[in-house]
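Below you'll find the structure, written out as structure tokens, and then a few comments.
Nothing in this text is a laboratory measurement; each read-out follows from the coordinates by a stated rule. What you are looking at is a predicted structure, and each value in this text was computed from that prediction instead of being measured. In this analysis, Cβ positions are derived from the backbone assuming ideal geometry, glycine residues included, and neighbour counts consider all displayed protein chains.
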Amino acid sequence: MRLSWKIFFITTPVFILVLTAFGLWMIQDSFSSSLDREVERCMLENQMFQNSYELTLHSLSEEQKEQASVKQIAESFSQRRDETSGNVRICSEDGETLYQDNGLRVESSIAGELDEEKNAGYEIVRQGDETFIVVLAKSSSGVLIETTKNITDIFENRSGMYSRYQTGVLLLSVLVGGLILLVLFLVMRNMQKLSRATRRFAMGRYDTRVKIRSADEIGRLADDFNWMANTMNTQMEQLQNEVRRQEEFTAAFAHELKTPLTSIIGYADTIRQMELSQEETDMCADYIFRQGKRLQSLSHKLLELTLADRQDILFREIRPKELLREVERTVLPSLTEKQIRLQTDAQEGWIYGDRDLLISLFTNLIDNARKASEPGSRIRVSGLLLPEGYSIAVEDEGRGIPPEELSRITEAFYMVDKSRARKEGGAGLGLALCQKIVELHHAGWQMESEPGAGLKVTVLFSAPEPEGRGRRRSRTAGRAGGRKGRAGAKTQ
């Protein structure tokens with residue numbers, strides 16, 4: 001059963017029961033009040049008749065008392081009674097009727113309940129289709145005075161009120177039930193929107209959103225759904241991008257292996273099966289050697305990239321000038337071979353990190369600049385002490401990178417110019433490794449480039465925390481405790 005019908009079948013009967021109980025209580029209370037007023041009025045009339053009878057009796061002399069009967073005494077003052085008053089009957093103690101103003105006779109059991117302590121009482125008697133109040137009192141003269149009043153109209157009025165109230169409750173229940181259904185329809189319409197949106201979202205339509213403008217709980221639920229959808233959509237896009245990168249990584253890796261392996265197998269088979277001259281043999285061996293070196297370089301880069309954040313890292317104080325001199329000695333042979341000048345200029349200071357990883361970082365940045373540069377050009381490396389830390393920039397005069405390519409150049413195996421990169425011995429892993437090293441040092445970096453104007457990569461190491469200096473941190477501890485690249489001024 002739907003929630004709307006559950007709410008309807010719960011609220012409507014409860015409303016009818018409460019309304020019925022309240023109405024019955026009101027009608028019964030009104031009836032009881034009317035009945036009590038009639039009883040009080042009838043008791044008062046009986047008392048007034050009794051007082052009039054006794055006063056008249058006491059005003060007669062003994063001789064007049066002997067000559068006058070009860071009927072004569074009662075008639076002497078009963079004619080002055082209100083026409084709306086009840087019927088009166090005077091009886092002796094043994095039940096004989098001594099006076100009665102009309103022929104109405106209503107039987108009651110009050111006489112048997114009267115005694116010396118209780119000399120008056122009343123009873124409501126149903127006789128035929130009519131209802132009466134019978135009041136019986138014992139006077140001081142010994143006679144019983146009975147007052148009878150017809151109160152059928154009070155009971156009929158109560159029955160009429162019951163009937164009218166039942167009709168009113170029925171009509172009101174239909175009206176209220178319709179209003180409840182209307183409200184539930186309006187509320188559940190928004191719930192149905194949420195339900196349909198949830199099903200569409202579960203079926204893979206992650207752009208599904210709910211448009212419900214309401215300040216109630218359902219409106220807030222819709223806002224929460226949209227927030228969840230936006231969050232999950234972002235996460236799904238991230239997962240899809242990650243899957244795409246993994247697929248591209250696998251395809252690129254397979255392609256990078258295929259080309260040199262095909263060449264190595266082909267030239268090796270040529271040497272094995274054919275009679276070659278010494279010059280031809282040397283040429284094949286040289287090609288096999290160069291392709292083997294390329295595979296070796298590729299495997300080393302992959303190993304460095306995989307193990308970069310899994311090894312224990314020693315963070316210590318490093319002078320940028322000494323670090324750059326060591327990097328210069330490493331890259332100088334390859335730069336000289338291509339006739340590229342390297343210019344380094346670093347201010348005094350210090351940075352805080354792992355020496356081997358930082359050498360690998362700047363060696364890869366300079367090597368990447370070498371591959372993009374033409375013979376006779378210059379690569380400039382500059383270190384600058386800043387208030388917020390220490391920055392080292394590597395700038396070349398090469399081809400540059402289009403702005404739309406900058407966001408992807410750190411992806412593994414991604415190369416802007418694939419043919420030229422392979423010719424230079426690149427595999428597209430250098431900048432991916434550099435990004436990993438920068439992240440491990442909690443540093444920041446920025447790339448600025450325009451086509452034909454070269455590329456400038458700036459790495460910024462943040463200012464140091466004194467208590468963090470000289471500590472060895474494992475990969476797990478570094479992540480939990482905040483392994484950071486630090487920089488600061490160092491006096492000479």
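What to note about this one:
- Pairwise inverse Cα distances across region 170-231, averaged and inverted, put the Kirkwood hydrodynamic radius at 13.0 Å.
- Estimated Rh, region 68-194: Kirkwood, alpha-carbon pairs, angstrom: 19.0 Å
- Straight-line reach from Lys193: taking Cα to Cα under 17 Å and skipping same-chain neighbours fewer than 8 places apart, the aspartates and glutamates in range are Asp207, Asp216, Glu217, Asp223, Asp224.
- Relative contact order for region 3-163, counting Cα pairs under 8 Å that sit 6 or more residues apart, in percent: 24 percent
- Net charge of Cβ neighbours under 15 Å - reference Gly219; Lys, Arg +1; Asp, Glu -1: +2
- Peptide ranges 357-369, 14-26 listed from the most packed, as the mean C-beta count within 10 angstrom indicates: 357-369, 14-26
- Ordering of 29-42, 386-399 by burial proxy (mean other Cβ atoms within 10 Å per residue, highest first): 386-399, 29-42
- Amide H contacts under 5 Å for Leu386: Ser391, restricted to partners 5 or more places along the chain or on a different chain, H placed in the peptide plane at 1.01 Å from N.
- Net charge, Met236 excluded, C-beta distance under 11 Å - Lys, Arg +1, Asp, Glu -1: -3
- Rounded FRET efficiency, nearest 0.05, which uses the C-beta distance separating Leu221 from Thr152 and R0 of 60 Å: 0.50
- Phi angles across region 260-273 convert, under the Karplus curve 6.51 cos²θ - 1.76 cosθ + 1.60 with θ = phi - 60°, into 3J(HN,Hα) values of x, 5, 4, 5, 4, 5, x, 5, 5, 5, 5, 4, 6, 9 Hz, Gly and Pro given as x.
- Calculated FRET efficiency, Ser92 to Thr12, Cβ-Cβ distance, R0 = 60 Å: about 0.45 to the nearest 0.05.
- Binning the C-alpha pair distances of region 3-163 at 10 Å intervals from 0 yields a P(r) profile of 9, 31, 25, 14, 9, 6, 4, 2, 0, 0 %, listed from the shortest bin outward.
- Database remark: amide H of Gln127 closer than 5 angstrom to the amide H of Phe132 (H placed geometrically; neighbours at sequence offset of 5 or more, or on other chains; Pro and chain starts carry no H).
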